[in-house]
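A short worksheet on the structure shown next.
The values are calculated or read from the model by the stated rules, or taken from the named source; none is laboratory data. The shown structure was predicted, so the numbers you read here are calculated from the model rather than taken from an experiment. With ideal geometry, Cβ positions are generated from the backbone for all residues, glycine too; neighbour counts draw on all protein chains shown.
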Amino acid sequence: MGKKFSIEELKDLTTVRGGKFEAITLHEAFQFCESLSKQHYENFPVGSILIPKPLRPHFYSIYAFSRIADDLGDETALYSTEKRLEMLKSFEQLLFEKNSTNPIFRALHNTLDTYSIPTEPFIRLIEAFRSDIVFSGFDNFESLYQYCHCSANPVGELLLRLFGEWNKETSSFSNDICTALQLLNFWQDFSRDFPNGRWYIPTEVMEIYSLSKDSDTLIGTEKDKQRALDFLFQTTNQLFLQGIRLLSSIKSTRLRMELSLILGSAKTVQQIAMNYGTSLFTKRPKLQLTDFLPVIHRSLKVYNTI
């Protein structure tokens, strides 16, 4: 999983100066972001070689912001809700502090200036992490999609902005893909999220399929559980099918290849998760070495749809 920051270190990263991590030079700031990014495991390579070398430092600065914002929501659980929200607010305010030696924001402000990126996508990310702290579940898919609008869609937007590919046409497709990726992540994490009180299945879906929850357990017949799963995956797959048109709207060959790999991996994870059936509620699927060829096959298939 890579290095986890202590509470005190996270506090440092919510200050203008950056505490023990203070970056005197821009080079130091970008080095910090790169190191942080490479120390964390993700479902796809952070800073893939398919991302052009000149863009990678800026990719790292964006990732570092997202990673620490996420940690401020997840790694501060021992604090009161008010204190956690306060720390997140301090972090958010640094988006508007130009004269910062905090390494993340010293690097990030250079990225924003270089590529004319607005702060709005970052504010939405913060809003998603704020929602995680005061998590209350979702009544319907509309509210779940709104969460994805803040938690996932900004990631696609920022990547496309770095490549100069963000426009009216690509934005819609990108949002579909990012929302689908977020939903898939929810579905594969049932076994982790239920014990932590995080239920991402909308209440309306639970009611339609006669399901209920008891502590960390999903209550219902195996048939109804499977029917609900089928619906969730069908909904997710429809978003993937709509979003895949993004590839034909992008000029950068490298970005098309990067997105093809991400989609190939996602489609493989989705198939594995679907194969689990109702066991998915108690066991988390993950890619194995033997899944490498299916990932490549699906990635090439996605790429060849252009």
_Return the residues of the stretch 133-154 that are within 22 Å of Met87 (Cα to Cα) and surrounded by 18 or more Cβ atoms within 10 Å (Cβ to Cβ); say none if nothing qualifies._
Ile133, Tyr147, Cys150, Ser151, Ala152, Pro154
_Restricting the stretch 242-272 to residues that are β-branched (Val, Ile, Thr) and more than 22 Å from Leu162 (Cα to Cα), the residue that is surrounded by the fewest Cβ atoms within 10 Å (Cβ to Cβ)_ = Ile272
*assigned to a helix (DSSP H, G or I), touching a Leu at 6+ places or on another chain (Cβ under 8 Å), surrounded by fewer than 18 Cβ atoms within 10 Å (Cβ to Cβ) and among the β-branched types (Val, Ile, Thr): does that describe Ile177?*
no
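Of all residues being in contact (Cβ under 8 Å) with a residue 60 or more places away in the chain and within 18 Å of Leu181 (Cβ to Cβ) in the stretch 208-241, which is surrounded by the fewest Cβ atoms within 10 Å (Cβ to Cβ)? Just the residue, please.
Kept after step one, since they are in contact (Cβ under 8 Å) with a residue 60 or more places away in the chain, are these residues of the stretch 208-241: 218, 235, 239-240.
Of the ones still in play, those that are also within 18 Å of Leu181 (Cβ to Cβ) are 235, 239-240.
Values: Thr235: 16, Leu239: 21, Phe240: 20.
The qualifying residue surrounded by the fewest Cβ atoms within 10 Å (Cβ to Cβ) is Thr235.
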_Where Ser48 falls short, out of the listed (1) assigned to a helix (DSSP H, G or I); (2) modelled with pLDDT under 95; (3) hydroxyl-bearing (Ser, Thr, Tyr)_ = (1)
*Could you list, in sequence order, the residues of the stretch 267-288 that are in contact with a Phe, Trp or Tyr (Cβ under 8 Å, 6 or more places away or on another chain), assigned to a helix (DSSP H, G or I) and modelled with pLDDT of 90 or more?*
Gln270, Ala273, Met274, Leu280, Phe281
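When only residues in the stretch 162-174 that are touching a helix residue (DSSP H, G or I) at 6+ places or on another chain (Cβ under 6 Å) and in a helix (DSSP H, G or I) count, which is nearest to Leu241 (Cα to Cα)?
In the first step, residues of the stretch 162-174 are kept if they are touching a helix residue (DSSP H, G or I) at 6+ places or on another chain (Cβ under 6 Å); the result is 162-163, 166, 169-170, 173-174.
Of the ones still in play, those that are also in a helix (DSSP H, G or I) are 162, 169-170, 173-174.
Details: Leu162: 24, Glu169: 16, Thr170: 14, Phe173: 10, Ser174: 12 Å.
Top of the filtered list is Phe173.
Restricted to the stretch 98-111, and to residues that are surrounded by fewer than 20 Cβ atoms within 10 Å (Cβ to Cβ) and either under 22 Å from the mean Cα position of the chain (by Cα) or modelled with pLDDT of 95 or more (or both), which residue is farthest from Cys178 (Cα to Cα)? Even if it seems obvious, please write down each step before you answer.
Keep residues of the stretch 98-111 that are surrounded by fewer than 20 Cβ atoms within 10 Å (Cβ to Cβ), which gives 98-99, 101, 110.
Imposing the further condition that a residue be either under 22 Å from the mean Cα position of the chain (by Cα) or modelled with pLDDT of 95 or more (or both) reduces the set to 101, 110.
On the way: Thr101: 32, Asn110: 25 Å.
Going through the qualifying residues, I end up with Thr101.
For residues in the stretch 131-159 being hydrophobic (A, V, I, L, M, F, W, C) and either free of Cβ contacts under 8 Å to residues at least 40 places away in the same chain or touching a Gly at 6+ places or on another chain (Cβ under 8 Å) (or both), which is farthest from Pro52 (Cα to Cα)? Lay out the reasoning, then the answer.
Narrowing the stretch 131-159 to residues hydrophobic (A, V, I, L, M, F, W, C): 133-135, 138, 141, 144, 148, 150, 152, 155, 158-159.
Filter once more, so that each one left must be either free of Cβ contacts under 8 Å to residues at least 40 places away in the same chain or touching a Gly at 6+ places or on another chain (Cβ under 8 Å) (or both): 133, 135, 148, 150, 152.
On the way: Ile133: 35, Phe135: 37, Cys148: 28, Cys150: 27, Ala152: 23 Å.
The extreme case among them is Phe135.
Condition (residue is under 19 Å from Leu13 (Cβ atoms) and in contact with an Asp or Glu (Cβ under 8 Å, 6 or more places away or on another chain)) applied to the stretch 71-83: is it met by at least one residue?
The answer is yes, given that some residue of the stretch 71-83 is under 19 Å from Leu13 (Cβ atoms) and in contact with an Asp or Glu (Cβ under 8 Å, 6 or more places away or on another chain).
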*Leading residue by the ranking (surrounded by the fewest Cβ atoms within 10 Å (Cβ to Cβ)) among those in the stretch 186-195 that are in a helix (DSSP H, G or I) and in contact (Cβ under 8 Å) with a residue 40 or more places away in the chain*: Arg192
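Can you name every residue in the stretch 14-39 that is hydroxyl-bearing (Ser, Thr, Tyr) and surrounded by 16 or more Cβ atoms within 10 Å (Cβ to Cβ)? Step through it out loud before you land on a result.
The first filter runs over the stretch 14-39 and keeps only residues hydroxyl-bearing (Ser, Thr, Tyr), leaving 14-15, 25, 35, 37.
Within the stretch 14-39, Thr14, Thr15, Ser37 meet the criteria.
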